[in-house]
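Below is one structure; the comments refer to it alone.
Bear in mind that the values in this text are calculations on the coordinates, not laboratory data. It should be emphasised that the depicted structure is a prediction, and the values quoted were computed from it without experimental measurement. No Cβ is skipped: glycine too gets one built from the backbone with ideal geometry, and neighbour counts run over all protein chains shown.
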């Protein structure tokens, strides 16, 4: 007669449950500050770079490449939002308007003064940075949800000004520009060249984000994010750093806006209204604002999901809503966190340590 | 053995001939980019409906004979999801991946302009039914090396449409009012199309002797009562619900409830929709269709067209008649291709379109493109008898000969 050890079975089941909950904790933790080995970081960066560079050669077609360009310039804008939200903890729901400042500045300089892409780019980026700083001034007095409302109001106001700006802003009809001024031997009318232009800008944005993340400046921003009063008490000039990161975010947004302008070659106010802004906020939350590749992941999900699943706009919004709920419930750090957690779980690394890691831990 | 070889040779020749016959009908790839989902779906679906009907009719009639070959239209329909980025991606795909010879669409000014920057360099013809393209179609843009050389505006210039509409509305309403109307309020959505259209319509009304006030509402407005109350205070003789028809259907019942004016004009609301929705007003109401009404058309050709159009499963909507801005141009393009005799000479096709005319469904007068690649045809305006939903009196108004004072055309 077989002997059954119930207590062992119970213990086994309990152990199984513990393991399962431990695995779940591993997969859902926000471990942005847990450092990955340098070799893993390097291999990830190289693989991603190779994939992105090789994309036009994979024969995926012009439609795919067009959406890839949209994804990349959106991601550049998101890196700015990622810095201010992920590093400094300042969320904006008017970021598309900041991209619009760059786009419109470049378009107006083109229409009024005949400046091309390269010459108008620094002015447009600078103006976006200044506007980002000006909108950020209220954050010195108010924070959190107040700033979110301010950015939303700015977005609405920006669209109203553009729509009623007469021939200067092109009103609701918008403005047209020509092609990107060619460089010797490189004609940007060719879609693959346009892709590489935007990709180069993305690499710059990625590099800048990485360098800020590992710098003392990045650590200071994270200190402000975690406890503003404490940061102030140890002598950090919180106001200056907040304005600084908003201006850096504006620079990214300006760059993205100009790239968007010269990709579409026609802009109108609706591109920079409340809805596109909310989509940007959604993307950065989906991807993970604290992760180096989070904004890129968010942009890829939102731009390619309707393509891959053939979703219409209504279905897409439902899908985004469900994704956002799942991310909030299961992956507070975004999909970027999930990917890192999967890696940690597979390699047996610690994925549950959420804070206090090295500053180069942004995966 | 020799006989077997001969038999095989005959069989092979027969097979080759059969293959040749099968290949005689080649495909003419034509793209359609339209909003089949998203906020412009009601207009976008009409483009697809018109394209399907036209392609089916041309193919059923034997196709298009170009040189010594016969081509059947193969439509590549792409949903732009009312998103400019998807529109651009779709245009790239159609032009570069598929290699279409022409594209029909889109329903939106911004999207059409961005699309033209792809179709132009690729020498792909583009037919877009946006009157607001008039703002960019000028001598330089349509020149041989211009960026809009291959683009055609399949809707009349806005000053023409506005002129014929204003004339039609006033001629129908004046006998219904106690005294001739003098004060009009134009109520319009404040977006690209609304701004462009109203800038011409206001001048057209002024040219007819009206004092005009313009009131704009933000796009996506659903509660119009504050603005309508303001308009009521202006004491207008006529409130013109100008672009767009979908918003008008929301705003008009609110205006009736508030008793805003002694008469109304609803732009882009078909009598068929007015009847289907059982709308009723105790004051005279005029309606206009873009370009002719499916609910009450004076032309038998138009009635037949809509029977076939709806017969293919197209939905009856406020903007169903917009399909007529796209339908005729398939036949005209086919005619031009046959005349040119070559498929790969878009410049010759453009030249042929510019020098030819085409008697289509949309107009009893043959369609002609002007030097800026724009057509001209009349507008149908109808009046609903007060307290009825189905009693219409319709008139077809020809466009004025010249833009009104202060309107620079376009």
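Just report the Cα centroid separation between the stretch B:172-251 and the stretch B:271-288, whole Å. Result: 17 Å between the Cα centres.
For chain A, the longest principal axis of the Cα atoms and the long axis of helix A:238-264 meet at an angle of about 70 degrees.
Across the stretch B:233-279, the relative contact order, built from alpha-carbon pairs under 8 Å that are at least six residues apart, equals 48 percent.
Taking all pairs of different Cα atoms in chain B, averaging 1/r and flipping that mean, what Kirkwood radius in angstroms comes out?
Values: mean 1/r = 0.0447 Å⁻¹.
Its Kirkwood hydrodynamic radius stands at 22.4 Å.
Counting other Cβ atoms within 10 Å as a rough exposure proxy, the listed residues A:63, B:277, B:161 run B:277, A:63, B:161 from fewest neighbours to most.
Counting pairs of alpha carbon atoms under 8 Å apart in space and at least six apart in sequence, what relative contact order in percent does chain B give? Reported as a whole number, the value is 18 percent. Relative to the dominant Cα principal axis of chain B, helix B:245-258 is inclined by about 20°.
The order of A:279, B:309, A:79, going from fewest to most other C-beta atoms within 10 Å of their C-beta, is A:279, B:309, A:79. Distance from the C-alpha centroid of the stretch B:113-144 to that of the stretch A:173-202: 20 Å, rounded to the whole angstrom. Against chain A, whose longest principal axis comes from its Cα atoms, helix A:95-113 is set at around 20 degrees. Rounded to the nearest 5, what % of DSSP beta bridges with both residues in the protein assembly as shown are antiparallel? The antiparallel fraction comes to roughly 35 percent. Computed over the alpha carbons of the stretch A:294-350, Rg followed by Dmax gives 13.2, 41 Å. All C-alpha pair distances within the stretch A:36-347, sorted into 20 Å bins from zero, spread as 33, 60, 8 percent across the bins. The Cα trace of the stretch B:220-298 gives Rg and Dmax of 12.3, 38 Å, the first to one decimal, the second as a whole number. Per-residue shielding of A:62-74, expressed as the average number of other chain Cβ atoms within 10 Å of the residue Cβ, stands at 5. Our compactness index for the protein assembly as shown, the C-alpha radius of gyration over the empirical 2.2 N^0.38 Å, is 1.10.
Counting Cβ atoms of other protein chains within 10 Å of each residue's Cβ and taking the mean over peptide A:308-317 gives 3. For the stretch A:36-347, averaging the sequence separation of C-alpha pairs within contact (under 8 Å, six or more residues apart) and dividing by the residue count gives a relative contact order of 31 percent.
Where does each of A:150, A:318 land when they are ranked from fewest to most other beta-carbon atoms within 10 angstrom? Display every interim value, and only then the final one.
Numbers: A:150 19, A:318 11.
With the fewest neighbours first, A:150, A:318 line up as A:318, A:150.
Quick one: Debye curve from the alpha-carbon atoms of the stretch A:30-172 only, equal weights, vacuum; give me log10 I(q)/I(0) at q = 0.15, 0.16 Å⁻¹ to two decimals. Log10 of I(q)/I(0), two decimals: -1.00, -1.07.
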